[in-house]
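Dumping the structure here so I can ask a few things about it.
The values are calculated or read from the model by the stated rules, or taken from the named source; none is laboratory data. Keep in mind that what you see is a predicted model, and the values were worked out from it rather than measured. So basically every Cβ, Gly included, is an ideal-geometry build from the backbone, and we count neighbours across all protein chains shown. Note: accessible area is taken over every heavy atom of the protein model, side chains too, but ligands, DNA and RNA are not part of it. Shrake-Rupley method; radii C 1.70, N 1.55, O 1.52, S 1.80 Å.
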Number of protein chains: 2
Amino acid sequence: MNAPLTAIEQIQHELPDIDWITDVNRVTRLSQDFSWFSPVLKRDLAGKRADAVAKPRSEDEIKRLVSACARRKVPITVRGGGTGNYGQAVPLHGGVLLDMSGYNAFLWARPGVGRAQAGIKLAEFDREARPSGWELRCIPSTFKSATLGGLFGGGFGGAGSITYGPLAAPGNVLGVRAMTIEAEPQVIELRGAEAMHMHHLWGTNGLVLEIEVGLAPTLPWMENVVVFDDFDQALAFGDAVAHATGIMKKEICFLADPIPGYMHTLADHLPPGCHAILLLIAEYCEDAMLHLASQYGGTVTYRKTAEEAAASGRTLIEYGWNHTTLHALKIDKGLTYLQSSFTPGEHLEQVSRMEKLFKGEVLMHAEFLRNGAGLTTCTALQLVRYTTEERLREIIDSSGAIKSSTLYAYDGSGNLSSIKINTSDSLQDFTETIVHSYQTNAQGKPEKLWRIINGTDSTGYRFSGDDKGNVIDEILYRRGLPSDSVFYYYDDKNRLSDIVRYNKKARQLLPSIMFEYDDTDRVIQKMTILSTNNPDYLIWRYLFNEKGLKTKEALFNKQKELTGRIEYAYTFEN
Amino acid sequence: MNAPLTAIEQIQHELPDIDWITDVNRVTRLSQDFSWFSPVLKRDLAGKRADAVAKPRSEDEIKRLVSACARRKVPITVRGGGTGNYGQAVPLHGGVLLDMSGYNAFLWARPGVGRAQAGIKLAEFDREARPSGWELRCIPSTFKSATLGGLFGGGFGGAGSITYGPLAAPGNVLGVRAMTIEAEPQVIELRGAEAMHMHHLWGTNGLVLEIEVGLAPTLPWMENVVVFDDFDQALAFGDAVAHATGIMKKEICFLADPIPGYMHTLADHLPPGCHAILLLIAEYCEDAMLHLASQYGGTVTYRKTAEEAAASGRTLIEYGWNHTTLHALKIDKGLTYLQSSFTPGEHLEQVSRMEKLFKGEVLMHAEFLRNGAGLTTCTALQLVRYTTEERLREIIDSSGAIKSSTLYAYDGSGNLSSIKINTSDSLQDFTETIVHSYQTNAQGKPEKLWRIINGTDSTGYRFSGDDKGNVIDEILYRRGLPSDSVFYYYDDKNRLSDIVRYNKKARQLLPSIMFEYDDTDRVIQKMTILSTNNPDYLIWRYLFNEKGLKTKEALFNKQKELTGRIEYAYTFEN
Ligand SMILES: Cc1cc2nc3c(=O)[nH]c(=O)nc-3n(C[C@H](O)[C@H](O)[C@H](O)COP(=O)(O)OP(=O)(O)OC[C@H]3O[C@@H](n4cnc5c(N)ncnc54)[C@H](O)[C@@H]3O)c2cc1C
Ligand SMILES: Cc1cc2nc3c(=O)[nH]c(=O)nc-3n(C[C@H](O)[C@H](O)[C@H](O)COP(=O)(O)OP(=O)(O)OC[C@H]3O[C@@H](n4cnc5c(N)ncnc54)[C@H](O)[C@@H]3O)c2cc1C
């Protein structure tokens, strides 16, 4: 007599034609990605594995698989090339690992646009598109093994982002064909900005079948290493190339001493103690680049024409981005890495200050790019000599991240009387104290609010209430002059749902903050519209502990990038 | 008996094979350019004309002509298409007008680079280059009649500068073949940055024969007009497209109401009272652009695919840049125009404030571009309802230009004891007072200097003297801490020639300011090196009146652009 079938076995039984992998070693290997770069994730994700791996080859196979899993509530974890660094492709709760790499046809390329199935490797996409003169606009340094679906679901950008920005910049993704995860999976085409609702969400809100992306003209990319004695000069040279509109480029990577020492396969071109810039620029821009190199005191130690680079099968792209970390980890297992972003325009100074702050412990590696707002800046993927998790957190907290403390004061009837927020920034020498001081009415709703910044710049708000005692109208007074009016809306459960501003210029009411609640009336999401002129928004998500106290806040921008994170620790005073 | 020949007649006699134009009407017409846009230049340049026009067809003809003129000290004025706006091609002192338009061969185009003789029309260059997939990176709106030599000698950029910056950005010009103006003219090839020594100098330091420029991939440029009810929304949409790295573009022109009303040939697409954005973007970026347009409340009223635009023979480029002015002048002769540049990042606010400052008198027209430093911003070419020259100056002075007053105080022995500089900026609400307070030694040379900004932030400098009593060493104290050392060098006439800083990081002495003097020991030029990390420099040129008092200061950046101008008026107090 047979033992009753597990859910997974039932699915395999139902879909025998699908390519199934059940061999424990292979399933274990496919359940991993590159999250081992992080000692913290390595520990937290140890032992997580799928029950089986399915590798479908057609939309129909995918659909039947998704349906079978959905009907049985079996978790699906989507995997492209499995090169993600944050454990996005690691199955947390077993189930089926859906390996997309067999669903990989290149569909078509037209001038400026191309489309392929999600499982195609990025290098393969480029091989198909290049003969017509076009290539992908931005690729991670893992382009040889990463997939288009993985880049869209879990990636950011990479080589090419210095010109075309991140994948999320408007115009880079034109559309996706997506499948919902339910018993009767639906297939829909999302175009433009709508498609971006699935970007960088790790396959958690659906499966991406096909992606249509904007392409860039293929230029003859020559490769150069330029070395410097001086940290700041190397950095400034990278920045000058980044800002030179007449130099067409695909990659500008800054590796500060001692990182070049870890790049063993480039050792001949990296003299001891040097700070290096790795470059991909169009061949015909070489003279302009050389002129800048000489101005900043740089020496070219490596030079390959586009043809030579292609023939060698080696590219400097595979030394930049997180490949820098990979090369270094091969030499020194005691390393890990961190990522930092900087304020465009202040980025050189911030990088330079951060270098001094942690000299010897945090090793500077920066990549120049145009950010989501189109501004030229750099982002860092520093190597860190890892000791303990506590020290890693300490570095994160003091590395220019903003530290913020909030003091809530309540009056005798338990109403909030004032909030004092103190914010300081170790990198920018910035300290700000904001006091919100409330005057409440009989129902405990605020009647008047004073906002005082750094003890001087104060703004007064007056509230008027609705019949439930809720504030519905606020008039802003600034230095005595009335300005915009603000209105408050409440949902049927009497919870504040929208804060709306009357905009004089647009002569209309415009929402500025929107709240969402969970069943226990806790705000779990806050969406802030930046301004009338800027339709961008920010989303705050909140987590609470069992006592109902907020434990985590995460801030996402419109491009779904995590741009801020706050963790709360509570100490109670009498 | 013949009258003795004039110098011009001798040259014509010596070079009979050259194509000469002597007909008075034709010479008069060719002696003009588009400086009549300015009522001031129109008056000042009235009646200026050449004695004869020569139109050489070969380098040899040009060489013999230049030699003949140089030997007889006959002035040469070089002319390309004669579309310049500042009278650069108007002969101020008669002589020969050298019309380059006959020297116009397209030489070659390779991927990313092309070369032609200076007299080629820009449209003709593009016609030759485009079949190989390449085109000029930036063109003025006069591309149909302007020449490559004229763009290099007297132009800035135009359509395309939103991506590739101005012509002066490193990498855009690869080399020029130039001829010196002397009895034995020399022909030399200047490459890269060296070539730029002849850029934007209006042919005053030599003749340009051939120009080699970086090219851009030809993309299918579609043309759109997007209209808005609101000034700021239209401006913000233009800025959003400018910053969208995934939208490839060639032109973003902002015409605020009432300017669209002057564009009669586009009237069907410009509803009364609208603010319009004229766009050239790559066809495959249309969806992303439309999404932004809807976010900012814009309506597309005109749409031509690249093919349709080419077939129509009409392009929106010929409504932007100074073509806006040209169209408006056709309707209203009472107009002229001004140009303004803005601080990248603050440009939207500055444009918006300037609009309010002169509403009805100065009509806003802005062009988005990446500036010489690679930053995305806009530049304005506002239409002005002209009344008097005084009012025009008033507008210039109060339109955000910086106003500065300086008070010099002398002690009993006639030594400078303090300088008080008050700077205010009508657009940025910026006021700064800097006091330089000196303590002098027996020889009247300063011993100590205090620099106090806005009465609070003070820095002390100490000087030590050489044997002539000159200061040679200055140590900077800032908030009590000694910082860089500064050294002063004097020339053999005992005039301060260089201020040199010891840079700790570079561990070397680096010049930071250099002075040049005239025969009467007056500083006529000051060159400032911006910083160690930035090898850019600024050049100040000075003019004096008969009393030896400074009357004018002009500031040029490395790109030879006039970036500031100060005129001095003196009132004497007892
Ligand atoms: C050495 C190294 C260098 C790197 N360099 C870069 C870099 O330069 N830039 C950069 O952005 N990243 C970089 N990364 C991270 C990663 O390589 C890229 O983001 C890559 O694009 C991920 O693709 P993948 O196919 O390997 O995705 P996976 O790791 O397989 O998946 C990533 C995420 O996308 C989801 N996903 C995959 N396919 C689909 C689909 N079809 N539908 C829905 N969801 C899907 C997965 O569930 C997962 O959450 C680097 C990583 C390493 C190890
Ligand atoms: C309606 C209108 C719109 C315009 N739009 C723009 C614009 O978008 N962007 C812009 O930058 N400008 C613009 N301009 C100005 C002008 O059209 C351009 O700068 C154009 O490139 C000048 O070329 P040209 O051949 O007409 O030069 P010309 O006017 O003939 O000459 C310009 C200067 O260059 C010198 N010169 C010409 N040829 C040579 C040579 N071979 N060697 C040395 N010196 C030489 C001349 O002596 C003169 O000083 C505009 C002007 C008008 C009237």
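Hey, for A:LEU538 with labels 7 Å out along Cα-Cβ, what do the inter-copy distances come to in nm, ordered shortest first?
Going from nearest to farthest copy, the values are 3.4 nm.
So which residues of segment A:268-301 lose at least 10 Å² of accessible area, probe 1.4 Å, when you go from the chain by itself to every protein chain present?
A:TYR284, A:ASP287, A:ALA288, A:HIS291, A:LEU292, A:GLN295, A:TYR296
Also, quick follow-up: For the rotation bringing B onto A, which B residue has its Cβ nearest the axis, and at how many Å?
In chain B, the Cβ lying nearest the symmetry axis toward A is B:PRO217, 2.
Here's another thing I want to ask about it. From a point 7 Å beyond the Cα of A:LEU543 in the direction of its Cβ, which residues of segment A:84-101 have a backbone N at a distance under 16 Å?
A:86-88, A:92-93
If you take the beta carbon distance between B:THR265 and A:LYS356 as r and set R0 to 45 Å, what does 1/(1 + (r/R0)^6) give as a FRET efficiency, to the nearest 0.05? List each step's numbers first, then the result.
On the way: r = 60 Å, r/R0 = 1.34.
In this case the efficiency is close to 0.15.
Got the B:GLU182 label distances to the other copies yet, label 7 Å along Cα→Cβ, in nm, shortest first?
Here B:GLU182 shows inter-copy label distances of 8.4 nm.
Okay, moving on. B:LYS526 accessible area, nearest 10 Å², 1.4 Å probe?
Number for this one is 50 Å².
Considering the zone a paramagnetic label at A:TYR86 would reach in this model (a point 7 Å from Cα along the Cα-to-Cβ line), which residues of segment A:316-349 have amide N under 14 Å from it?
Answer for segment A:316-349: A:338-341.
Cross-link list A:LYS42/A:LYS333; A:LYS249/B:LYS304; A:LYS250/A:LYS304; A:LYS144/A:LYS249; A:LYS333/A:LYS359; A:LYS249/B:LYS250: which exceed 22 angstrom alpha carbon to alpha carbon?
Details: A:LYS42/A:LYS333 13 Å; A:LYS249/B:LYS304 30 Å; A:LYS250/A:LYS304 15 Å; A:LYS144/A:LYS249 20 Å; A:LYS333/A:LYS359 19 Å; A:LYS249/B:LYS250 18 Å.
Cα-Cα > 22 Å for A:LYS249/B:LYS304; rest within.
Only Cα pairs under 8 Å and at least 6 apart count here; give the relative contact order of segment B:106-217 as a rounded whole percent. Let's see the in-between values first.
Numbers: 231 pairs, mean separation 36.1, N = 112.
Relative contact order for segment B:106-217 comes out at 32 percent.
Efficiency by 1/(1 + (r/R0)^6): what FRET value for B:ARG72 and B:ASP519, r their Cβ-Cβ distance, R0 = 25 Å, to the nearest 0.05? List each step's numbers first, then the result.
Working: r = 28 Å, r/R0 = 1.14.
That gives a FRET efficiency of 0.30.
By accessible area of protein heavy atoms, probe 1.4 Å, what ranking do A:TRP134, B:TRP540 get, highest first?
Working: A:TRP134 30, B:TRP540 55 Å².
So, going from the largest accessible area down, we get B:TRP540, A:TRP134.
Can you give the FRET efficiency to the nearest 0.05 for A:THR22 and A:ASP44, using r as the Cβ-Cβ distance and R₀ = 30 Å? List each step's numbers first, then the result.
Working: r = 26 Å, r/R0 = 0.86.
So the FRET efficiency works out to roughly 0.70.
Taking a probe of 1.4 angstrom, what is the accessible area of A:ASP19 in Å², to the nearest 10?
60 Å²
Please calculate the 1.4 Å probe accessible area of B:ASP51, with all protein chains present, and give it to the nearest 10 Å².
Looks like 80 Å² after rounding.
Just flag the trypsin sites (Lys or Arg not before Pro) in segment A:284-349 sitting in loop per DSSP whose Cβ has no more than 15 other Cβ atoms within 10 Å.
Details: sites: A:ARG303, A:LYS304, A:ARG314, A:LYS330, A:LYS333; in loops: A:ARG314, A:LYS333.
Within segment A:284-349, the qualifying trypsin sites (Lys or Arg not before Pro) (loop, at most 15 other Cβ atoms within 10 Å) are A:ARG314, A:LYS333.
How much length is gained if the chain between A:ARG57 and A:SER312 is pulled fully straight, taking 0.36 nm per residue apart and subtracting their Cα-Cα distance, in nm to one decimal? Intermediate values should be presented prior to the final figure.
Working: separation 255, 0.36 × 255 = 91.80 nm, distance 3.28 nm.
Residue separation times 0.36 nm, minus the Cα-Cα distance, leaves 88.5 nm.
At A:ILE21, label 7 Å along Cα→Cβ: distances to the other copies, nm, ascending?
Here A:ILE21 shows inter-copy label distances of 7.6 nm.
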